[in-house]
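One structure is given here, and the rest of the page talks about it.
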Amino acid sequence: MIPYSRQCIDISDIREVNKVLKSDFITQGPIVNQFETLVARYCNSKFAVAVNSATSALHIACKSIGVSENDYVWTVPNSFVASANCALYCNAKIDFVDIDDHTWNVSIIKLEEKLKIAKIKKTLPKIFISVHLAGNPPLQNKIYQLSKKYKFKIIEDASHSLGSSFKDEKVGSCKWSNICIFSFHPVKMITTGEGGIATTNDNKLIKKMRMYASHGITKSKLEFKSKKTPPWHYEQHYLGFNYRLTDIQAALGISQLKKIDLFVQKRNKIANFYKKNFKQINVDFQKIENDVICSYHLFIIKINKMHHRKKHINLFKYLLTKQIGVNIHYQPIHLQPYYRKLGFRKGDFPISEKYPNECLSIPIYPQLTIRNAKYVFKLIKSFLCD
């Protein structure tokens, strides 16, 4: 089986995890703080807080900004459900903006149109969650300009984008956002098993996120409400959660982070091979802007009109029979049964609805050989062109 993606673990990763297993702390020790510092440094942000998943990171990001009942949060339908669920966890109202037909990220035109209408209706979002599909950053500078005009905050769901950059800025620097989220699930750019992290340059937001991630509790004397406290004193200031990352996971993350640039290079090599060859058979792929370095967490092909006689679903099934792992990223969130109960309907966001019937994520990961990439291409070419 050639999967669409997989973790890349070597002996150095195992060695670092073993060190922690033999140490005094396997959780709530010093390694998590080291990992946070290294990720912040890599992304050129001031702060980072590591948690047990990107979903948790999205949740505490919303909480730290103060999302609550009657607030609106917007994102795109073409993402994993966590990009929208985080708003519902806060009892907020969720809405969506359709995607661009070429980048498959948010359509800036549609975002601005919707903001103009929302301003009249007094339903402007408190937060817009911008999604970096496949490691391809959206036009964050333009989203940021709109945020200043329409007074909303920005969370980047950059779960796919560690190692990417936009206009010479590392994703995660938060130059055009308030908070940026990464995922460390095994199929992502680096892994901690499960895990996620939030970066920010805002001192108030990082303090709140740290507390929300650990029961809403502080042990800092500077933050205590009580004036006279015994040495064992701690205080709960928020209704928080247990979203902590372990030192075991952080040790794996530190070791993996050392290889992130190599992983991105290898993924780009495979992506360039695919682009060169798929052009020959008129198969489309995601548009990447000239000022973007894409991490290529995913490589997605689009079956265009020339090949419509070959059904998309049949290609999916055919590749699976050949032991090629493929997937659809993603089914539209608003058409999930839970979201239909909230009032969303087919036809609300047509580009996002068309996308999963035309697009396919094919294998890309650091250990994938060009020989195997050629095999994948050959199978797709044979199916579409013969």
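Results for (1) within 30 Å of H215 (Cα to Cα); (2) in contact (Cβ under 8 Å) with a residue 40 or more places away in the chain; (3) of a type in the set (F, W, Y), shown as yes or no for each residue.
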| residue | (1), (2), (3) |
| --- | --- |
| I31 | yes, yes, no |
| F35 | yes, yes, yes |
| V39 | yes, yes, no |
| K46 | yes, yes, no |
| N52 | yes, yes, no |
| N70 | yes, no, no |
| V81 | yes, yes, no |
| A87 | yes, yes, no |
| I108 | no, no, no |
Answer yes or no as to whether I206 is among the β-branched types (V, I, T), surrounded by fewer than 23 Cβ atoms within 10 Å (Cβ to Cβ) and at negative phi. yes
From the residues in the range 327-386 that are under 29 Å from V264 (Cβ atoms) and polar (S, T, N, Q), which one is most open to solvent (accessible area, probe 1.4 Å)? Q331
Y274 - would you say it is open to solvent by less than 10 Å² (accessible area, probe 1.4 Å), of a type in the set (F, W, Y) and either at positive phi or in contact (Cβ under 8 Å) with a residue 24 or more places away in the chain (or both)? yes
Being surrounded by 15 or more Cβ atoms within 10 Å (Cβ to Cβ), part of a strand (DSSP E or B), of a type in the set (A, V, I, L, M) and touching a helix residue (DSSP H, G or I) at 6+ places or on another chain (Cβ under 7 Å) narrows it down to one residue among I190, I197; which is it? I197
Taking the range 280-330 and keeping only residues that are among the hydroxyl-bearing types (S, T, Y) and under 19 Å from S352 (Cα atoms), one is left with Y330
If you go through the range 200-226, how many residues are in a loop (DSSP other than H, G, I, E, B) and either over 17 Å from S53 (Cα atoms) or among the basic types (K, R) (or both)? 8
What's the number of the condition I300 fails, among (1) crowded, with 18+ Cβ neighbours inside 10 Å; (2) assigned to a loop (DSSP other than H, G, I, E, B)? (2)
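The values are calculated or read from the model by the stated rules, or taken from the named source; none is laboratory data. Because the structure is predicted, anything quoted here is derived from the model rather than measured. We place every Cβ from the backbone using ideal geometry, glycine too, and count neighbours over all the protein chains shown. Ligands, DNA and RNA are stripped out before the accessible areas are found, and what is left, the full protein with its side chains, is counted by its heavy atoms. Shrake-Rupley method; radii C 1.70, N 1.55, O 1.52, S 1.80 Å.
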